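The values are calculated or read from the model by the stated rules, or taken from the named source; none is laboratory data. Treat the numbers as computed from the prediction; the structure is a model and nothing was measured. Counting neighbours? That spans all protein chains shown, and the Cβs are built from the backbone with ideal geometry, glycine included. Quick note on the areas: whole protein, heavy atoms, side chains included, nothing else; ligands and nucleic acids left out. Shrake-Rupley method; radii C 1.70, N 1.55, O 1.52, S 1.80 Å.
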Amino acid sequence: MATNLEFIKSASGTSVTSLSVTDCFSADYDVYYVSITKTDVTVQTYSYVRFLDSGGSVISASEYDYAELGLLSYGSFGENKNTGLTAIQHIDLSGTSTAQGIGNSLYIFNPYDSSSYTFTAGQYSGHSSSGMAGGKNIGVHKSAETITGLNYLRGSGNFDSVTVNVFGVK
Amino acid sequence: MAGSLIKIDEEIVTSAVASVTLGGANWDSSYDVYMVKINNLKCDVIASPYARFTVSGTPDTSANYDWADKVLRTDTTFGDVSNTNQTNFTEIFLSTVDTVTGSAGNAIHYLYNMNNSSEYSFISFEETTRRHSGVLFGHQGGGVHTVAQACDGIQYVANGQNFSSGTFTLYGLKK
């Protein structure tokens, strides 16, 4: 039986500051599911995402907004939000221990539509040195243009290893 | 995400309609969990859409809808929204949208226990919308229809206005 959740592409990297998944968006889908199940990082902090334009270049202009509800097992829940940034921030959080990976599920809406903005909605569960850290987040790239891929990066430090999987919701 | 998504129904809005119904005659009762994808939804003027389940293809408007959610937004403190015994899921699925540049509603909804006549039907939702005001906005939460009955779809209503464009797609989550 044909299904409507279709694997498109996977990308991996080691000892990188960011990871781009190129040419993963197309006119074949309007909504995408991104799965990130394992990262090893050098600095305990948040991860960000930004997008690649029609030429495959990273869009780093100040045209991203985000809002995130941080869900901590060891402290008060947090409200994080900002506008006019160079990336959608706070899409996950992980610590530096090898065991402290993450599970990140992120939906991306309408990236390839040149007449609409690109939106994200996601949730993640991670682990910092203090305990479990999860979150619910939304974001937008405020430019109506064709987006062909994504760039996953850290707020600071590097990925020792990282894998990103992209699926189309047809 | 275990399993696979099987498309059951889809409505693509290209001209003004007051509501959209997924399921009904197209409903496939062979799934335990369903997913609805809503993308790039716009209304002809500012509107706050709502939703309700259908029974035998007809919207159930009984006052038995409860929900609770967190409102994420970029302009001010996040909000807590909840209500009980309402006639629909109001202002939790999609924020106000219209045709202003960049204003659009996008959401993922999961529907649970829709086919079980001895249990309530549930919904969980996540939304990412740029409102007519330009604020990034989204509801994250869940709801329940407190009637033990089988449901066969969901209706989205533009709440006195019209949907002008957007796509609604219903999937079954195959085991």
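Return the residue satisfying two criteria in turn: it lies in segment B:22-41 and is part of a helix (DSSP H, G or I) and touching a strand residue (DSSP E or B) at 6+ places or on another chain (Cβ under 6 Å), and of such residues it is farthest from the other protein chains (Cβ to nearest Cβ).
My answer is B:G24.
Tell me, which strands (runs of 3 or more DSSP E) lie completely within segment A:51-149 with 3 or more residues that are surrounded by 21 or more Cβ atoms within 10 Å (Cβ to Cβ)?
Numbers: elements: A:64-72, A:78-85, A:88-94, A:102-109, A:118-127, A:132-141.
Because the criterion is at least 3 residues that are surrounded by 21 or more Cβ atoms within 10 Å (Cβ to Cβ), the strands (runs of 3 or more DSSP E) in segment A:51-149 that meet it are A:64-72, A:88-94, A:102-109, A:118-127, A:132-141.
Give the residues of segment A:13-46 that are among the polar types (S, T, N, Q), open to solvent by less than 80 Å² (accessible area, probe 1.4 Å) and in a strand (DSSP E or B), sorted by residue number.
Listed by number, the residues that qualify are A:S18, A:S20, A:S35, A:T39, A:T45.
Output the number of residues of segment B:100-124 satisfying the condition of being open to solvent by 10 Å² or more (accessible area, probe 1.4 Å) and either over 16 Å from A:T118 (Cα atoms) or charged (D, E, K, R) (or both).
Final tally of qualifying residues: 11.
Kindly evaluate B:D9 against the criterion of being within 14 Å of chain A (Cβ to nearest Cβ), without any contact (Cβ under 8 Å) to a residue 24 or more places away in the chain and not in a loop (DSSP other than H, G, I, E, B).
Spelling it out, it is not the case that B:D9 is within 14 Å of chain A (Cβ to nearest Cβ), without any contact (Cβ under 8 Å) to a residue 24 or more places away in the chain and not in a loop (DSSP other than H, G, I, E, B).
Residue by residue through segment B:77-99, note down the ones that are assigned to a strand (DSSP E or B), open to solvent by 70 Å² or more (accessible area, probe 1.4 Å) and more than 14 Å from chain A (Cβ to nearest Cβ).
So in segment B:77-99, the residues assigned to a strand (DSSP E or B) come out as B:79-86, B:89-90, B:97.
Narrowing further to those that are open to solvent by 70 Å² or more (accessible area, probe 1.4 Å): B:80, B:82, B:84-85.
Listed by number, the residues that qualify are B:S82, B:T84, B:N85.
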